[in-house]
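The values are calculated or read from the model by the stated rules, or taken from the named source; none is laboratory data. Fair warning: this is a prediction, and the values are worked out from it, not measured in the lab. Here the Cβ is made from the backbone with ideal geometry for all residues, glycine too, and neighbour counts use every protein chain on show.
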Amino acid sequence: MHRLRTTMARLRPLTAAQSALSISQPRLLAIEGGLRTFKPVRCLNTSVAAEPFLNGTSSNYVEEMYYAWLENPRNVHKSWDIFFRNANAGAPPGAAYQSPPPLSGSSQGLTGVQALMGAQPNLEKLVQDHQAVHSLIRAYQVRGHHIAKLDPLEISCVDFDDTPCTVGFQNVGVYGLVESDLDKVFRLPTTTFIGGSESSLPLREIIRRLEMAYCQHIGVEFMFINDLEQCQWIREKFETPGIMQFSLEEKKTLLARMIRSTRFEEFLQRKWSSEKRFGLEGCESLIPALKTIIDMSSLSGVESVIMGMPHRGRLNVLANVIRKELDQIFCQFDSKLEAADEGSGDVKYHLGMYHKRMNRVSDREISMSLMANPSHLEAVDPVVQGKTKAEQFYSGDTEGKRVMSILLHGDAAFAGQGIVYETFHLSDLPSYTTHGTIHVVVNNQIGFTTDPRMARSSPYPTDVARVVNAPIFHVNADDPEAVIYVCKVASEWRNTFHKDVVVDLVCYRRNGHNEMDEPMFTQPLMYKQIKKQKGVLQKFAEKVIAEGVVTTQAYEEEVARYDKICEDAYNRSKDEKILHIKHWLDSPWPDFFNLDGQPKTMHSPPTGISEEELKHIGNIASSVPVEDFTIHGGLSRILKGRANMVDQRVCDWALGEYMAFGSLLKEGIHIRLSGQDVERGTFSHRHHVLHDQNVDKRICIPMNYVSPDQAPYTVCNSSLSEYGVLGFELGFAMASPNALVLWEAQFGDFNNTAQCIIDQFISSGQAKWVRQNGIVLLLPHGMEGMGPEHSSARPERFLQMCNDDPDVFPKITQDFAVHQLYDCNWIVVNCSTPANYFHVLRRQILQPFRKPLIVFTPKSLLRHPEAKSSFDDMLPATIFKRLIPDEGPAAASPEKVKRIVFCSGKIYYELTRERKNRGMEDTVAVIRIEQLSPFPFDLVKAETDRYSNADLVWCQEEHKNQGYHDYVKPRICTTTNHTRPVWYAGRDPAAAPATGNKKTHLTELQRLVDAAFDLDAFSGKI
């Protein structure tokens, strides 16, 4: 195919007209004009050569030959092919014809066709004129949007680099045409639908129809799409004459929706003129646009729509699209409203909503979810996609026909936020695709105060969508009918091709960034124009009244009816005394909690499993459960090593993870592990996906062979993204509590490029939005002399965001550990044994509520000979150990112990080795705090009471201003009622996480272990 396209490009070089048009893609021209799957318009006799027609050739016949050749050069005799190629290349009269070589292979010189060219002096012009018309048509398709009337303010500052737009009546000379050609009739190419049922039109009519299709209130960008079928589909939707027609009922419905959208904002402005609400004034057509998308999608079979949007217009969308009760929205404006739910809550224009209702157009039930979102605008994009993917997965919707997503954007954020690009690049990846998202851009043509000329380098804010070949439909938002038509086409596109599409609503922002802001400070000329601008509802109402769609009285009655609805709701809202954030929940789990939203129990069962199950999963982990499957030799040794561990009843880190995953899958819990290179594991320890060494793309996932009726295991390497992928997995985890969703950073410090998701959604999500989430973050962490990058997962940042009080010793009750977990905002652990890692993963699902889990995972411990666990530590009745006490000689004689060294993670193994070398196993107890938050006050108290004569040291390998020190020390002090000081053994404060010099690293390590075991090191210090 590539060879054929290249050949076609060579056969059809650019004409001067095409060069003037700045069309420099001869291959694309070849595809559009020659390489087609459609049948030719006429079937001509390809055996008829050009030479017999030297005299008296009919120009009509030559023209037919030319059209057939445009369809496909093979449609005509070889001599005609050569003739048209030469004529197209500008060969002079008489030199275009060349006789093809005979079958014998002997050559034959040029044979002139002076008689033909003399008899037909206009033949070459005929060819060139038709080619020019074809180029003109293509120019409109490519660049018609440049001169479309998109801006309601008529002040658009879209910058096309001063490139002249070569379309319009005045520019026909660019193509070698003259004014007299306007009334000539030209055959239309098969790559346009402007003719309707006609195959030929006068040039004047061709241009008029192209202007109507591409240069009015709709501008279409699609010619960069490299799929001919998709291009033809879009051409048909916009070029077909009279296609944008609306029935009387459709116009009435549109008017009613415009009234609701506009009057809602006006009602809020009247009642709360001094409150921020981030209203929709200037883009009121957004509401009918969204409702049209939902109507059309419901008609095509969609049952669930998940939406994400920034704060502008959110209250209007909640009221008129999601259909949130108006009194619940209005009561949010009452500053005296008391909070009924725990947590901070959030401002009204950040909240979400879930609602299921009947769609009146399709008469089908549809679920709608508007996701809560912080002011970090586009941060919700991947979250929406993840939740959409999860709903598709759990409902068996493999093509996205029942569940879909809609994302709303602001123009400045769409162009400026990198997460938009990351989200687009997930759109077609097998494990992340949601089979098409409809993006709606509310294009205010301004940011907060920033002019687009200072805010982006591309002409349109939507240009980022071109990277995934998404068609972009620009539309003047002051033309509601054009908006509705574009939204219908966008919905049909998504339903037909299951790919992303963008609707760019070019509008304006009537007020400032918020209702209290003064926009004239920075955009005086724009806002002078806005003040003169007649509202879109008024303009549309005048239009439909003039058309006789409704009467003035009927219009006024409809306005009064909606105003009364708002007023009644306002009066009811005054009775609301308590704010229930649960009413704004966007991801309910109705079968997981009681009716009051509380856990059905506060008991967390043991997390161990039987020895038989451990052996069975271990055997799966060490085998290839597919016949005739060739694995790598090095992997054979790894699997053999796993089998040996199973025989010895021990497991390392990778096998412990396998045990946890396999047992949960067997219990019906879906597991999804995502991140960069997670299938193999960054450190080549996991190998959950086996690759046949002889067959491309043939893989085996042994974890899916644990049990015949198990839940599916999804393990997928992600794109090289943290922000987007973590947001996606967070959204996936929102859909169901009965799934273990894990995101693993390639190295722990990579979490900082996803900090927005961590800060805004994970650590504070429940407090703001009453939204529990059980996502697990696996963050490889450890100081191993490898430099400042990839050493620290920055545990201090996670611990700083924990909500437990360091100065309050909690009341110790039965099930204290479970209640602690329920009250915390997230769980932070640093496991030092495979068994504890196994238990914490299983506890994540077996506990009766969901909290995010942060796991600082090891690197060197993955293969450390001492970092292995016995099956005994994973059997029934065993649980996760929040703290692991010393179990050596020190524990036997606690009264002799002079020092307790508290630590966490892999430093434990360095400390115990040093303790043994120094012969201090009976005088120094080393205690591991495995669960850092919520802090195990009860267990730490038991240990400090046990070793009452010992001084207390916190030892860590991280620098003093990093790691766990600032979190742990005050809590140990609280535990001992500040009666015993807590000394520090570790690295000095530093700006970088680790040194880049191996020798310095070892020196620092030796210094900190020396301090930990020097019993006189802190003598006399206060």
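Restricting attention to the range 599-611, does a residue exist that is surrounded by fewer than 16 Cβ atoms within 10 Å (Cβ to Cβ), without any contact (Cβ under 8 Å) to a residue 12 or more places away in the chain and either more than 20 Å from Ala835 (Cα to Cα) or outside the structural domain of Ile845 (by TED's automatic domain parsing) (or both)? Scanning the range 599-611, I find no residue that is surrounded by fewer than 16 Cβ atoms within 10 Å (Cβ to Cβ), without any contact (Cβ under 8 Å) to a residue 12 or more places away in the chain and either more than 20 Å from Ala835 (Cα to Cα) or outside the structural domain of Ile845 (by TED's automatic domain parsing) (or both), so the answer is no. Scanning the range 723-749 for residues that are acidic (Asp, Glu), surrounded by fewer than 23 Cβ atoms within 10 Å (Cβ to Cβ) and outside any helix (DSSP H, G or I) turns up nothing.
When each of Gly905, Gly919 is tested for being small (Gly, Ala, Ser) and more than 43 Å from the chain's Cα centre (by Cα), the lone residue that passes is Gly919. Looking at Asp938, Asp966, Asp945, can you tell me which residue is free of Cβ contacts under 8 Å to residues at least 12 places away in the same chain, within 21 Å of Pro810 (Cα to Cα), assigned to a helix (DSSP H, G or I) and outside the structural domain of Ala793 (by TED's automatic domain parsing)? Of the residues listed, the single one that is free of Cβ contacts under 8 Å to residues at least 12 places away in the same chain, within 21 Å of Pro810 (Cα to Cα), assigned to a helix (DSSP H, G or I) and outside the structural domain of Ala793 (by TED's automatic domain parsing) is Asp945. A count restricted to the range 449-469 and to residues that are of a type in the set (A, V, I, L, M, F, W, C), surrounded by fewer than 14 Cβ atoms within 10 Å (Cβ to Cβ) and in contact (Cβ under 8 Å) with a residue 12 or more places away in the chain stands at 1.
Here is a yes/no grid of residues against (1) crowded, with 21+ Cβ neighbours inside 10 Å; (2) in contact with a strand residue (DSSP E or B) (Cβ under 6 Å, 6 or more places away or on another chain); (3) not small (Gly, Ala, Ser):
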{"position": "Ser791", "(1), (2), (3)": "yes, no, no"}
{"position": "Lys811", "(1), (2), (3)": "no, no, yes"}
{"position": "Asp815", "(1), (2), (3)": "no, no, yes"}
{"position": "His839", "(1), (2), (3)": "yes, no, yes"}
{"position": "Arg842", "(1), (2), (3)": "yes, no, yes"}
{"position": "Val855", "(1), (2), (3)": "yes, yes, yes"}
{"position": "Ser860", "(1), (2), (3)": "no, no, no"}
{"position": "Glu887", "(1), (2), (3)": "no, no, yes"}
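Yes or no, residue by residue, for (1) in contact with a Pro (Cβ under 6 Å, 6 or more places away or on another chain); (2) at pLDDT below 95; (3) of a type outside the set (A, V, I, L, M, F, W, C):
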{"residue": "Glu221", "(1), (2), (3)": "no, no, yes"}
{"residue": "Gln232", "(1), (2), (3)": "no, no, yes"}
{"residue": "Ala256", "(1), (2), (3)": "no, no, no"}
{"residue": "Thr262", "(1), (2), (3)": "no, no, yes"}
{"residue": "Lys271", "(1), (2), (3)": "no, yes, yes"}
{"residue": "Met296", "(1), (2), (3)": "no, no, no"}
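In the condition set (1) in contact (Cβ under 8 Å) with a residue 60 or more places away in the chain; (2) surrounded by fewer than 18 Cβ atoms within 10 Å (Cβ to Cβ); (3) outside the structural domain of Val440 (by TED's automatic domain parsing), Ile366 is compliant with all but (2). If I filter the range 408-423 for residues that are assigned to a loop (DSSP other than H, G, I, E, B) and either modelled with pLDDT of 95 or more or touching a Gly at 6+ places or on another chain (Cβ under 6 Å) (or both), do I get at least one hit? So far as the range 408-423 goes, no, none of its residues is assigned to a loop (DSSP other than H, G, I, E, B) and either modelled with pLDDT of 95 or more or touching a Gly at 6+ places or on another chain (Cβ under 6 Å) (or both).
Filtered by the rule that a residue be more than 22 Å from Thr433 (Cβ to Cβ) and not in a helix (DSSP H, G or I), the range 455-502 gives Arg456, Ser457, Ser458, Pro459, Tyr460, Pro461, His474, Val475, Asn476, Ala477, Asp478, Asp479. So in the range 494-508, with the set limited to residues that are surrounded by 24 or more Cβ atoms within 10 Å (Cβ to Cβ) and more than 23 Å from the chain's Cα centre (by Cα), which one is farthest from Cys231 (Cα to Cα)? Applying the filter and picking the extreme gives Cys507. Scanning the range 989-1010 for any residue that is within 22 Å of Phe798 (Cα to Cα) and either in the same structural domain as Val840 (by TED's automatic domain parsing) or in a strand (DSSP E or B) (or both) turns up nothing.
In this structure, Ser719 qualifies as part of a loop (DSSP other than H, G, I, E, B), under 20 Å from Thr388 (Cβ atoms) and either in contact with a His (Cβ under 6 Å, 6 or more places away or on another chain) or at pLDDT below 95 (or both). Evaluate the following for Gly282: is it on the phi > 0 side of the Ramachandran plot, crowded, with 23+ Cβ neighbours inside 10 Å and in a loop (DSSP other than H, G, I, E, B)? Spelling it out, Gly282 is indeed on the phi > 0 side of the Ramachandran plot, crowded, with 23+ Cβ neighbours inside 10 Å and in a loop (DSSP other than H, G, I, E, B). Taken over the range 867-887, the criterion of being at pLDDT below 95 and of a type outside the set (A, V, I, L, M, F, W, C) is satisfied by Glu887 alone. Within the range 663-678, the set of residues being of a type in the set (S, T, N, Q) and part of a helix (DSSP H, G or I) comprises just one member, Ser663. Those helices (runs of 4 or more DSSP H) of the range 527-646 in which 2 or more residues are farther than 30 Å from His685 by Cα occupy 536-546, 552-573.
Looking across the range 989-1006 at every residue that is among the small types (Gly, Ala, Ser) and closer than 11 Å to Met786 by Cα, the one that is surrounded by the fewest Cβ atoms within 10 Å (Cβ to Cβ) is identified as Gly996. Looking at Leu635, is it surrounded by 15 or more Cβ atoms within 10 Å (Cβ to Cβ), in contact with a helix residue (DSSP H, G or I) (Cβ under 8 Å, 6 or more places away or on another chain) and either at negative phi or without any contact (Cβ under 8 Å) to a residue 24 or more places away in the chain (or both)? Against the criterion (surrounded by 15 or more Cβ atoms within 10 Å (Cβ to Cβ), in contact with a helix residue (DSSP H, G or I) (Cβ under 8 Å, 6 or more places away or on another chain) and either at negative phi or without any contact (Cβ under 8 Å) to a residue 24 or more places away in the chain (or both)), Leu635 does not qualify.
Among the acidic types (Asp, Glu), modelled with pLDDT of 95 or more and surrounded by fewer than 16 Cβ atoms within 10 Å (Cβ to Cβ), is that true of Asp647? Here the answer is yes, as Asp647 does meet what is asked.
Return yes when Ala985 is touching a residue at least 40 places away in the same chain (Cβ under 8 Å) and either touching a helix residue (DSSP H, G or I) at 6+ places or on another chain (Cβ under 7 Å) or closer than 22 Å to Glu914 by Cβ (or both) and no when it is not. Yes; evaluated as a whole, the condition is true for this residue.
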